[in-house]
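Participant: This is the structure, below, for whatever I ask next.
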Number of protein chains: 2
Amino acid sequence: MRVFYSEDHRLHFPQAELSGGQFVTPFERPSRLEYILNRLRKRQFLDVVAPEAVDMAPITALLDPGYLTFLETAWDEWKAAGMGGEIIAANVPARGMHMDRIPENIDGKVGYYCHASETAITQGTWKAALSSVASAQAAQRHVAAGANAAFALCRPPGHHATADQYGGFCFINNAAVTAQMFRDSGAERVAVLDIDFHHGNGTQDIFYERADVLFASLHGAPQQTYPYFIGYADEKGRGEGEGYNFNYPMLSGTGYSQWSAALDDAIAKISAWGAEVLVVSLGVDAYKDDPISFFQLESDDFTDAGRRIGRMKLPTVFCMEGGYAVEMVGVNTVNVLEGFADA
Amino acid sequence: MRVFYSEDHRLHFPQAELSGGQFVTPFERPSRLEYILNRLRKRQFLDVVAPEAVDMAPITALLDPGYLTFLETAWDEWKAAGMGGEIIAANVPARGMHMDRIPENIDGKVGYYCHASETAITQGTWKAALSSVASAQAAQRHVAAGANAAFALCRPPGHHATADQYGGFCFINNAAVTAQMFRDSGAERVAVLDIDFHHGNGTQDIFYERADVLFASLHGAPQQTYPYFIGYADEKGRGEGEGYNFNYPMLSGTGYSQWSAALDDAIAKISAWGAEVLVVSLGVDAYKDDPISFFQLESDDFTDAGRRIGRMKLPTVFCMEGGYAVEMVGVNTVNVLEGFADA
Ligand SMILES: [Zn+2]
Ligand SMILES: [Zn+2]
């Protein structure tokens, strides 16, 4: 399986992340990918290539152009306004406020385009985010050209980013762009399966009113974990999209038995629908020792999960999402890929 | 003019405030009140008394009981969850998410009940907020009993707090509680005039659908300053409240000429309506040297503003709100009171 990876992810490394009322060393840090690369090498995934330059057209077509301009220019505006630190949102459109009026002031714009203040924008964030989605695009092209599967080793991750909001360490939704590019290259039915510990709220939001992209997400129950206000089982899509969104929220302490039953259900939905291609939002923070999550998956469970996904026999792009138990992120990620390849 | 003041405001003193992507020493700090107390003494406002115990009944009747319980218990829940710092919101219900589902998790609850992450909750915040509103209640009783005016030297301030959201350094809306208590004690028409630099979004929100409490606010235009997403001139009330909400947003650089014209217009609206009593949200951050504001009022302008307000000859409770140019907060605040008394 070919792996697409850009060194430019290193351009995004915030000094701090807001957690528990303090600034902590970011959980979402560059070393995560080093552990994955080391493990890939060790397990003979040697076909690791840098992506070509990003193709902006499918991104601007899918996402909000004002949002993309904001991401590109926010750092310069923030610094021009004399702000001392990295970009962290403080003021947001809340209940009872206007949800559709964009301030001129950069501090206000940050709040408008952000949904979670743990996520900082730095000088290199935009370039890193483009390099991340470039890997997803390259993986999509590789599979669209006939490969069975590809792994986009994306960083920053993407599944929490909506068409016009960043947060949850995500800026551009790599999986959503990948899914849309499959549609554009001829697939009628594209499925996105999100096995990251956290709900893929961004991906859900982008495709919520569409019947051509099915979304299924296994994740921590929103009443107990981020993103808290979305990811309930009763979110089933809207309008034409009704019936094409499947959420599997699970409570703290959930182990592989319950998790894999949800996975099987999601796989059955995808297969019954007749998906032609699959995009997997591959987070491994369902791991038992993940520092910000509460599922109980063992490393071997990730191999088994990969195998179940592989049995669908669909052309598949894996997009890297979360996973913060850094030493084990490599093992667990590659286990999914190996299970998939062995199916 | 009697001044009501509780020492318990000192119980709320966050270590840090999120500003420009950094934690800074809070602008909203205890010393603000020391400057005001010193100036009051110097200008012979010697009738400074501590309020009686807070009366919870009017507070729970006006605000959301779940919100009040949250404020009371948040610190213990936060610490029980192992959080290292003070309470700072990181995750909020944003566009596209549920606005009406309250998480179980304390980190999620904080996001649900907060609209701005610069505002920290500390161990002593709840007790301080109660002492602040107790001063407002005592001032209301004093005026309802026949006094011409009273000054509630409230801290923390209140006008940004809605019935179920804190933010902007505010937790319990002192001015709104005061206005409601005037209604409860027999006044048919109560006006709230907010001259703080920032929009009194909380007060507006609490009375937005009511015709018995008129709200008028002079403030920095929302596209340029906090709270960014509310405070536009086209917000005029809803339902029965339509026509009883007046916003005067003004752009960066506004001086007293424009500001006082807006004040006169608000005063004319209040007088024409036939308000029986007046609550003034008294912030002095419209001052030219305020560190987080952009109006250009001189100290003498505050005297003149107080005089204009005093000419309404209404029974009046002043509730202290913002003002962060600490050395001048005392002068400017007392100038308003002196102008009022001289009218
Ligand atoms: Zn995750
Ligand atoms: Zn203010």
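Only the coordinates and a few stated rules stand behind these numbers; no lab work does. Computed from a predicted model, the values in this text were never measured in an experiment. With ideal geometry, Cβ positions are generated from the backbone for all residues, glycine too; neighbour counts draw on all protein chains shown.
Participant: Mind checking which lysines have their C-alpha under 21 Å from B:LYS313, skipping anything on the same chain fewer than 8 residues away?
Facilitator: Within the straight-line cut-off, B:LYS313 pairs with B:LYS269.
Participant: What is the local net charge at A:SER257, summed over the other residues whose Cβ is closer than 15 Å to its Cβ (Lys, Arg +1; Asp, Glu -1)?
Facilitator: With Lys, Arg at +1 and Asp, Glu at -1, the net is -4.
Participant: What is the set of long-range amide H partners of B:VAL192 at a cut-off below 5 Å, with H atoms built 1.01 Å from backbone N?
Facilitator: Counting only residues 5 or more places away or on other chains, the set is B:LEU214, B:PHE215, B:ALA216, B:VAL279.
Participant: Once Lys and Arg get +1 and Asp and Glu get -1 on their Cβ, which of B:ALA211, B:THR333, B:PHE295 lies farthest toward the positive end of the dipole of chain B?
Facilitator: Sorting the options by dipole projection puts first B:THR333.
Participant: Could you tell me which of B:ALA272, A:LEU33, A:ALA275 has its Cα farthest along the dipole of the protein assembly as shown towards the positive end, charges placed at Cβ (Lys, Arg +1; Asp, Glu -1), taken about the Cα centre?
Facilitator: Of the candidates, A:LEU33 comes out farthest on the positive side.
Participant: I want to verify a result. In a Gaussian network model of chain B, Cα cutoff 10 Å, which of these has the top mean-square fluctuation: B:ARG29, B:ARG43, B:ARG307?
Facilitator: The residue with the greatest mean-square fluctuation here is B:ARG43.
Participant: Measuring nothing but label to label, 7 Å from Cα along Cα→Cβ, what are B:TYR232's distances to the other copies in nm, shortest first?
Facilitator: Those label-point separations list as 2.8 nm.
Participant: Once phi is turned into θ = phi - 60°, what whole-Hz ³J(HN,Hα) does the Karplus curve with 6.51, -1.76 and 1.60 give for every residue of the range A:216-231, x standing for Gly and Pro?
Facilitator: 9, 9, 9, 6, x, 4, x, 5, 10, 8, 3, x, 6, 10, 6, x
Participant: Just how large is the dipole of chain A about the Cα centre, in debye to the nearest 20, putting +1 at every Lys and Arg Cβ and -1 at every Asp and Glu Cβ? Please report the intermediate quantities before stating the final value.
Facilitator: Values: 26 positive and 43 negative charges, 106 e Å.
Here chain A has a charge dipole of around 500 debye.
Participant: What are the nm distances, shortest first, from A:ASP76 to its equivalents in the other copies, labels at 7 Å along Cα→Cβ?
Facilitator: Those separations, rounded to one decimal, come out as 5.3 nm.
Participant: Only Cα pairs under 8 Å and at least 6 apart count here; give the relative contact order of the range A:281-343 as a rounded whole percent.
Facilitator: 48 percent
Participant: If each label sits 7 angstrom from Cα along the C-beta direction, how far apart, in nm, is B:LYS127 from its counterparts in the other copies?
Facilitator: 5.2
Participant: Can you give the Kirkwood hydrodynamic radius of the protein assembly as shown from its Cα pairs, in Å with one decimal?
Facilitator: On the way: mean 1/r = 0.0379 Å⁻¹.
For the protein assembly as shown, the Kirkwood estimate is 26.4 Å.
Participant: Would you please classify the overall shape of the range B:124-242 from the alpha carbon gyration tensor, given that a ≥ b ≥ c denote the square roots of the eigenvalues, rounded means a/c under 1.5, and beyond that prolate means a/b larger than b/c while oblate covers the rest?
Facilitator: In terms of gyration-tensor shape, oblate.
Participant: Another question, if that's okay. What is the set of long-range amide H partners of B:ASN91 at a cut-off below 5 Å, with H atoms built 1.01 Å from backbone N?
Facilitator: A:SER117, B:GLY111
Participant: Further question on the same structure: Gaussian network model of chain A, Cα springs within a sub-10 Å range: biggest mean-square fluctuation belongs to which of A:GLN180, A:GLN22, A:GLN123?
Facilitator: A:GLN22
Participant: Also, I was wondering about something else. Return the whole-Å distance between the Cα centroid of the range B:168-191 and the Cα centroid of the range A:79-100.
Facilitator: Between the Cα centre of the range B:168-191 and that of the range A:79-100, the gap is 29 Å.
Participant: Given a cut-off of under 8 Å on Cα pairs at least six residues apart, what relative contact order in percent is computed for the range A:227-339?
Facilitator: It rounds to 26 percent for the range A:227-339.
Participant: Further question: Could you list the GluC sites (Glu not before Pro) in the range B:79-155 that lie in coil according to DSSP, counting only those with at most 15 other Cβ atoms within 10 Å of their Cβ?
Facilitator: Within the range B:79-155, the qualifying GluC sites (Glu not before Pro) (loop, at most 15 other Cβ atoms within 10 Å) are B:GLU104.
Participant: Count the DSSP beta bridges whose two residues both fall in chain B, then state the antiparallel fraction as a percent rounded to the nearest 5.
Facilitator: On the way: 5 of 37 bridges.
That works out to approximately 15 percent antiparallel.
Participant: Also, quick follow-up: How shielded is A:10-18 by partner chains, expressed as the average number of their Cβ atoms within 10 Å of its Cβ atoms?
Facilitator: 2
Participant: Tell me, what is the percent relative contact order of chain B, built from C-alpha pairs under 8 Å that lie six or more residues apart?
Facilitator: Details: 792 pairs, mean separation 62.6, N = 343.
Normalised by residue count, the contact order of chain B is 18 percent.
Participant: A further question on this structure: For the range B:141-151, in order, what is each residue's ³J(HN,Hα) by Karplus, 6.51 cos²θ - 1.76 cosθ + 1.60 with θ = phi - 60°, in whole Hz (x at glycine and Pro)?
Facilitator: 4, 4, 6, 4, 7, x, 5, 5, 7, 8, 10
Participant: Go from 0 up to the bin containing the longest alpha carbon distance in chain B, width 20 Å each, and give me the % of pairs per bin.
Facilitator: P(r) for chain B, in whole percents per bin: 34, 60, 6.
Participant: For B:LYS127 and A:ALA268, what is the calculated FRET efficiency with R₀ set at 56 Å and r taken between the beta-carbons, to the nearest 0.05?
Facilitator: On the way: r = 55 Å, r/R0 = 0.98.
My answer for the efficiency is 0.55.
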